[in-house]
Amino acid sequence: MSTIGKCLCGAIEVTSDEKPDQIIACYCESCQKACGGGASFNIIKTDEGARLSKGETKIYNDTADSGNGLERHFCGMCGSPIFSVTTSYPGLKIWKAGLFSDIDGLEVITNIWCDSAPSWSTIDNSIPSHGKSRQ
Ligand SMILES: [Zn+2]
Ligand SMILES: [Zn+2]
């Protein structure tokens, strides 16, 4: 059974043959700007594990807080962030968790870039939490 994800306006759809699973919360400053909050919530999948099934993304070429190149793909109609590709994770796409319909019940398994989290973030330190990226 495949899972469908959609942006806010529905112009972009993603299809995955795998259920969305673990979420990684990223508190880097780049994600705060791109996602309009204290963190971004991400589901990492292989290039085969999830694919764009409708629409075309626009791309913003960003530099991650790690210094690595980062392509931020977003919907040109509604502005929703869709996925990112970074040179540090070849063969993987970092999808925004909020796109997917069946994310209730999932768990955040790791927090990264906690050093730049705003003071009003509620970070669950009972799971692996890194000041910067995962080593
Ligand atoms: Zn859209
Ligand atoms: Zn980030």
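Looking only at segment 47-62, count every residue that is buried (at least 17 other Cβ atoms within 10 Å of the Cβ) and not in a loop (DSSP other than H, G, I, E, B) and tell me the total.
Within segment 47-62, the first condition is being buried (at least 17 other Cβ atoms within 10 Å of the Cβ), and the residues that meet it are 50, 55, 57, 62.
If we keep only those that are not in a loop (DSSP other than H, G, I, E, B) too, we end up with 50, 62.
Adding up the residues that qualify gives 2.
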| Given (1) out of contact with any strand residue (DSSP E or B) (no Cβ under 9 Å at 6 or more places or on another chain); (2) in contact (Cβ under 8 Å) with a residue 12 or more places away in the chain, index of the condition S119 fails | (2)
| Any residue in segment 18-33 that is more than 15 Å from the chain's Cα centre (by Cα), modelled with pLDDT of 95 or more and part of a loop (DSSP other than H, G, I, E, B)? | no
| Can I44 be described as more than 15 Å from the chain's Cα centre (by Cα), more than 25 Å from W120 (Cα to Cα) and assigned to a strand (DSSP E or B)? | no
| Would a scan of segment 46-60 turn up a residue that is away from ligand 2 (no atom under 13 Å from the Cβ), out of contact with any strand residue (DSSP E or B) (no Cβ under 8 Å at 6 or more places or on another chain) and either on the phi < 0 side of the Ramachandran plot or in contact (Cβ under 8 Å) with a residue 12 or more places away in the chain (or both)? | yes
| message | If D65 meets every condition in (1) crowded, with 17+ Cβ neighbours inside 10 Å; (2) part of a strand (DSSP E or B) apart from one, which number is that one? | response | (2)
| Residue, nearest to ligand 2 (Cβ to nearest atom), within segment 14-31, restricted to residues that are crowded, with 19+ Cβ neighbours inside 10 Å and farther than 17 Å from L99 by Cα | C28
| request: Go through segment 69-114 residue by residue and tally those that are surrounded by fewer than 20 Cβ atoms within 10 Å (Cβ to Cβ), of a type outside the set (F, W, Y) and either more than 16 Å from ligand 1 (Cβ to nearest atom) or over 16 Å from K58 (Cα atoms) (or both). | output: 22
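The values are calculated or read from the model by the stated rules, or taken from the named source; none is laboratory data. Keep in mind that what you see is a predicted model, and the values were worked out from it rather than measured. Cβ: placed from backbone, ideal geometry, glycine included. Neighbour counts: every protein chain shown.
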